[in-house]
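The values are calculated or read from the model by the stated rules, or taken from the named source; none is laboratory data. The structure presented is a predicted model; accordingly, all values stated were derived computationally and were not measured. Please note: Cβ atoms are built from the backbone with ideal geometry, for glycine as well, and neighbour counts cover all protein chains shown. Please note that ligands, DNA and RNA were not included when accessible areas were found on the heavy atoms of the full protein model with its side chains. Shrake-Rupley method; radii C 1.70, N 1.55, O 1.52, S 1.80 Å.
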2 protein chains.
Amino acid sequence: RYFHFCKLPGRVMGIRLLRFTSVVIIVLLLVAGALTALLPNIKDDKMPNLRREPKTQSQSALDSFTLIMQTYNRTDLLLKLLNHYQAIPHLHKVIVVWNNIGEKIPEEVWNSLGPHPVPVVFKVQTVNRMRNRLQNFPELETKAVLMMDDDTLVSAHDLAFAFSVWQQFPEHIVGFVPRKHISTPSGIYSYGSFELQNPGFGNGDQYSMVLIGAAFFHSGYLEDFQRQPEAVYALIDETQNCDDIAMNFLVAKHTGKPSGVFVKPVDIRNLEKDTNSGYSGMWHRAEHLLQRSYCVNKLVNIYEGMPLKYSNIMISQFGFPNYANHKSKM
Amino acid sequence: RYFHFCKLPGRVMGIRLLRFTSVVIIVLLLVAGALTALLPNIKDDKMPNLRREPKTQSQSALDSFTLIMQTYNRTDLLLKLLNHYQAIPHLHKVIVVWNNIGEKIPEEVWNSLGPHPVPVVFKVQTVNRMRNRLQNFPELETKAVLMMDDDTLVSAHDLAFAFSVWQQFPEHIVGFVPRKHISTPSGIYSYGSFELQNPGFGNGDQYSMVLIGAAFFHSGYLEDFQRQPEAVYALIDETQNCDDIAMNFLVAKHTGKPSGVFVKPVDIRNLEKDTNSGYSGMWHRAEHLLQRSYCVNKLVNIYEGMPLKYSNIMISQFGFPNYANHKSKM
């Protein structure tokens, strides 16, 4: 029977073989083509990006950040800051949390002055709440969030450096404004800055919080924030304050380490005085700092313990702005 | 039969029961006593240690470091520095690597001026080699090594802070002297400091090495150093230089990250000029820097690649010496 098979006309065999090999070759070419198309874009970091190439979602997610800026009654500052922040390197998108209830978003103005380097999304809120900025926005695509108050200007240099630091410490809040709590013999905590006594661990001062009004943190923490005890939301709503203290508690509890890493800013400015609105920000209220001490103690109750930890690490950029800024007199 | 059992004389049962319960109570008391004795000593970090309690070996291994100081032809500086370093907080022991071949160690002087806060061991060498200090000394009990050149004075404040930083970055060389390599179009590397061109990653400068002549690193790296290619030892012996560059290559290869973390010193001094010996250190040789560039290229050949990575993180101590040293003009 095998002999019989082998004796099929040579020509028929030849054509079948030819077809078969052609099909195989075409399939291989298609596969090779598909593989080439799927290869990741190898970027040379030393070459300036003269034209921003559209990136795949996975590249953007790791290499860029989303700016979340909440705004209330200071649209003039908002627009001034948007002009600055829209051009920061590695920015993926801006989410503006619009706390001006009932007021139209400035979308027409924004669009009429386009095109813009990145998309800006205006999230209209129904109630003017401090914690509106801590929602887990569906528009958020990046791992990193940059959260800024709507009256704070931080230079692009500082932001680019702090973002690179965040990438090395992704589980921490990496930012420009350090604060601390101190313990008192009564067991009651107090909140403040360097005017308060040092916590007493050796030389120098310590910080136990980095405020989120000028900081990078992992977007996963926004997700975590949705799962906190109701009492935390009630506290923030009651005081219209302390959302940042709550975030530091959350992060410290999660990591078991100091929540923040402080990066010393070279150029940080508060633009409050520049607003036409006459509105000058929550921290001018008489009870603001007392409220924050109050919040620290309430949060210790809610979380059944003090999770905040101290750090004295202060990070600056080597050789910038002064190329010899690390020089020591030896 | 059970009834029969129950009818044993009540008095006998009573005495047996009494004995039994007494034994049980005594055993419980002994166990409780043993547990209390085994409880760890809870130290309150806020209280000053007025008398240094003898610690268990495991506590010392993690909480303290060993100073390794190599010395050649500058015994006057050595003794001056030992007076300073013997009192640094968290110091466990000093190992002096005695490169003065054939010369007696100053043990008599040392002992006659005791008692001393920590043990000092003089390791007599047979050949005057730069890499003698990179032996895996059996006297080394701690996880951390502080390596200092015999002409360098770093303040206790700087050392205490840098040690705490090392504890947060134990796989890195945490120290006070940053250096870098740069690449040239020819592919040949050059070694230097901030006078060299920036490597070109954004703003500011970068460093890719932290010199071990004033740094903390993990004692495990001394063990690793014993397992390097022969060509590395030959290079160090040929140049009587570059042991520190080799260590940075080793660490960078091991971690896949920048080998060092730079801590900006507040008070670091070079005491070379103060020596009576007239000997002023290897780095004054005309060919010193050229040798180091040569070493970088040789090591790239030996290790078949450039493992060094750049960093621009500069760490300082928050609130020290100036309690408001982090203040920004907002």
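Can you return the aspartates and glutamates within cross-link range of A:Lys253? Criterion is Cα-Cα under 12 Å, with same-chain partners fewer than 8 residues away left out.
A:Glu171, A:Asp224, A:Glu304
Out of the DSSP beta bridges found with both residues in the protein assembly as shown, what percent are antiparallel (nearest 5)?
45
What are the residues whose amide H is under 5 Å from the amide H of B:Ala144, where those residues sit 5 or more places off or on another chain and H is modelled from the backbone?
Long-range HN contacts for B:Ala144: B:Thr66, B:Ser219.
May I ask which of A:Lys80/A:Lys257; B:Lys264/B:Lys327; A:Lys257/B:Lys257 have a Cα-Cα span longer than 29 Å here?
Pairs exceeding 29 Å: A:Lys80/A:Lys257.
What angle do you read, to the nearest 10 degrees and between 0 and 90, between the alpha-carbon axis of helix A:75-85 and the longest principal axis of chain A?
50
Using alpha-carbon positions, what is the distance between the centroids of the range B:227-260 and the range B:272-294, in Å?
Taking the Cα centre of the range B:272-294 as reference, the centre of the range B:227-260 is 20 Å away.
What does the average come to when, for each residue of peptide B:283-295, you count the partner chain Cβ atoms lying within 10 Å of its Cβ?
Other-chain Cβ atoms within 10 Å of each residue's Cβ, averaged: 0.
Relative to the longest principal Cα axis of chain A, at what angle does helix A:243-255 sit, 0 to 90 degrees, rounded to 10?
Taking Cα atoms only, the helix is inclined about 60 degrees.
Per residue, how big is the convex hull of the range B:199-330 when only Cα atoms are used? Give it in Å³.
Roughly 177 Å³ of hull volume per residue.
Which peptide among B:82-91, B:173-182, B:64-73 comes first, and what is the full order, when sorted by highest mean count of other Cβ atoms within 10 Å?
Packing proxy ranking, top to bottom: B:173-182, B:64-73, B:82-91.
Partner chain Cβ atoms within 10 Å, averaged over the residues of B:321-327 - can you pull that number for me?
5
How large is the helix-only mean residue ellipticity at 222 nm for the protein assembly as shown, computed as the sum of -39500 (n - 2.57) over DSSP H runs with n ≥ 4, divided by its residue count, in deg cm²/dmol to the nearest 500?
-10500 deg cm²/dmol
Tabulate in residue order the Karplus-calculated ³J(HN,Hα) for the range A:122-134, using 6.51 cos²θ - 1.76 cosθ + 1.60 with θ = phi - 60°, rounded to whole Hz; enter x for Gly and Pro.
Once θ is set to phi - 60°, the couplings for the range A:122-134 become 9, 9, 6, 9, 9, 10, 7, 10, 4, 7, 4, 6, 9 Hz.
Rounding to the nearest 10 and keeping the result within 0 to 90°, find how far the Cα-based axis of helix B:230-239 lies from the longest principal axis of chain B.
50
So for the range B:189-296, averaging the separation of alpha carbon pairs under 8 Å that are six or more residues apart and normalising by length, what relative contact order in percent results?
39
Ignore the peptide's own chain and count Cβ atoms of other chains within 10 Å of each Cβ in A:304-316; give me the average, rounded.
That average works out to 4.
Counting only protein heavy atoms and using a 1.4 Å probe, what share of the accessible area of the range B:74-121 belongs to carbon plus sulfur, as a whole percent?
Ligands and nucleic acids excluded, carbon and sulfur reach 57 percent.
How high is the relative contact order of the range A:62-136, in percent, with contacts defined as C-alpha pairs under 8 Å that are six or more residues apart?
This gives 36 percent for the range A:62-136.
Quick one: which residues, 5+ away or cross-chain, put their amide H under 5 Å from the amide H of B:Ala215? H built at 1.01 Å from N.
Those lying under 5 Å, H to H, from B:Ala215 are B:Met147.
With both partners inside chain B, how many of the DSSP beta bridges are antiparallel, as a percent to the nearest 5?
45
Under a Cβ-only charge scheme (Lys and Arg +1, Asp and Glu -1), can you give me the dipole magnitude of the range B:199-330 about the Cα centre, in debye to the nearest 20?
In total the dipole reaches around 680 debye.
Once fully extended, how much extra length lies between B:Thr184 and B:His90, figured as 0.36 nm per residue of separation less the alpha-carbon to alpha-carbon distance?
Gain in length upon complete extension: 29.5 nm.
Taking amide H positions as placed 1.01 Å from N in the peptide plane, with prolines and chain starts having none, which residues 5 or more places from B:Met314, or on another chain, fall under 5 Å of its amide H?
When sequence neighbours closer than 5 places are left aside, the close amide H contacts are A:Ser316, A:Phe318.
For chain B, what does the convex hull of the Cα positions come to per residue, in cubic angstrom?
With only Cα atoms used, chain B gives 295 Å³ per residue.
Roughly speaking, what % of Cα-Cα pairs in the protein assembly as shown are separated by over 39 Å, rounded to a whole number?
Looking at the protein assembly as shown, the distances longer than 39 Å represent 49 percent of pairs.
Just to check I understand the Karplus step: with θ = phi - 60° and J = 6.51 cos²θ - 1.76 cosθ + 1.60, what whole-Hz values come out for the range A:202-207, glycine and proline as x?
Karplus-based 3J(HN,Hα) across the range A:202-207 equals x, 5, x, 9, 9, 10 Hz.
Using alpha-carbon pairs under 8 Å, 6+ residues apart, how would you state the relative contact order of chain A in percent?
Computed value for chain A: 18 percent relative contact order.
Short version: ³J(HN,Hα) in whole Hz for each residue of the range B:164-176, in order, from phi by Karplus 6.51 cos²θ - 1.76 cosθ + 1.60 (θ = phi - 60°), x for Gly and Pro, what are they?
Residue by residue, the range B:164-176 yields 5, 5, 4, 4, 8, 9, x, 8, 10, 8, 9, x, 9 Hz.
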